[in-house]
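To start, the structure under review is shown below, and the notes come after it.
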Amino acid sequence: MRAARLLHMLLLLQNRGRMTTATLADALEVSRRTILRDVDAMTEAGLPVIVFHGPRGGIELGFDYRTRLTGLDADEAEAMGIILSATPPALTAIGRGDAADRARAKIWEAFPDQTRAAMDAARRRFPVRVAQAGTVPEREALARAVRERRIVRLDATGAARKVHPVALVMTPGGWLVRDGLSGDEIAEADWGDINISARRFDA
């Protein structure tokens, strides 16, 4: 348990840079005193952990230290193997199915051999079969508008509505676009004709 926590802390510091004891304690769900004990253990193990005191203090890794250590516990490896078994339909629906397949392959190869073997066993034991409906032009267009923060005009009934699409939400009942202007979530059935402006809105 402690070894897994130390690895998690190492990856947090590597990816986020300097963090306070309180932030690390919240992220790892332990006390601040436990974090300080773990810092001592990492230092004794030869890791370049630096503690800064004062209002802008915190804990960080020194000397641009990086590790490719990506080990997972057995249950985590099983879960990850299942997660990486198939591309979620939502990604295919917004035109990111191919990108998801490439990302899954890269993530899979990033793990050590022993972890990949456990993940592969999980994939064989719990195969995931997901129906892919293919891309839908309207969803793909709105997804692009969300990424690029472009103003969109929806015209379902002849009364055009201008929206600032800040999110595209997949729900059990269908897709919704969240309007940053009104805060409304507009169902796919009410999108109608979609016109994406060259103009952008502020995030």
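Here are a few candidate values for percent of Cα pairs over 21 Å apart: (i) 61; (ii) 67; (iii) 53. Which one was actually calculated from the structure I just gave you?
(ii)
With the crude spin-label approximation of a point 7 Å out along Cα→Cβ, what separation in nm comes out for Asp184 versus Ala160?
The modelled label-to-label distance comes out at 1.6 nm.
In nm, to one decimal, how far is the Glu44 label point from the Thr171 one, both placed 7 Å along Cα→Cβ?
Distance between label points: 5.3 nm.
Given the rule -39500 (n - 2.57) for each run of at least 4 DSSP H residues, summed and divided by the residues of the chain, what is its mean residue ellipticity at 222 nm, to the nearest 500 deg cm²/dmol?
Taking each H run of at least 4 residues, the total per residue is -13500 deg cm²/dmol.
Treating the beta-carbon of each Lys and Arg as +1 and of each Asp and Glu as -1, no other charges, what is the dipole magnitude of segment 2-61 about its Cα centre, to the nearest 20 debye?
My answer is approximately 100 debye.
What length, rounded to one decimal in nm, is gained on full extension from Arg124 through to Arg147, with 0.36 nm per residue of separation minus their alpha-carbon distance?
So the extension gain works out to 4.7 nm.
Give me the number: length gained by fully extending Phe52 to Arg37, i.e. 0.36 nm times residue separation minus the C-alpha to C-alpha distance, one decimal in nm.
Length gained, Phe52 through Arg37: 3.8 nm.
Could you let me know the centre-to-centre spacing of segment 66-106 and segment 109-172, using Cα atoms, in angstrom?
14
Want the number for Asn195 to Ala74: 0.36 nm per residue separation, take away the alpha-carbon distance, what's left?
Between Asn195 and Ala74, full extension yields an extra 38.7 nm.
Each value in this text was obtained by applying a stated rule to the coordinates, not by laboratory testing. Here the structure is a predicted model, which is why all the values come from computation and not from measurement. Note: ideal-geometry Cβ built from the backbone for every residue, glycine included; neighbour counts use all protein chains shown.
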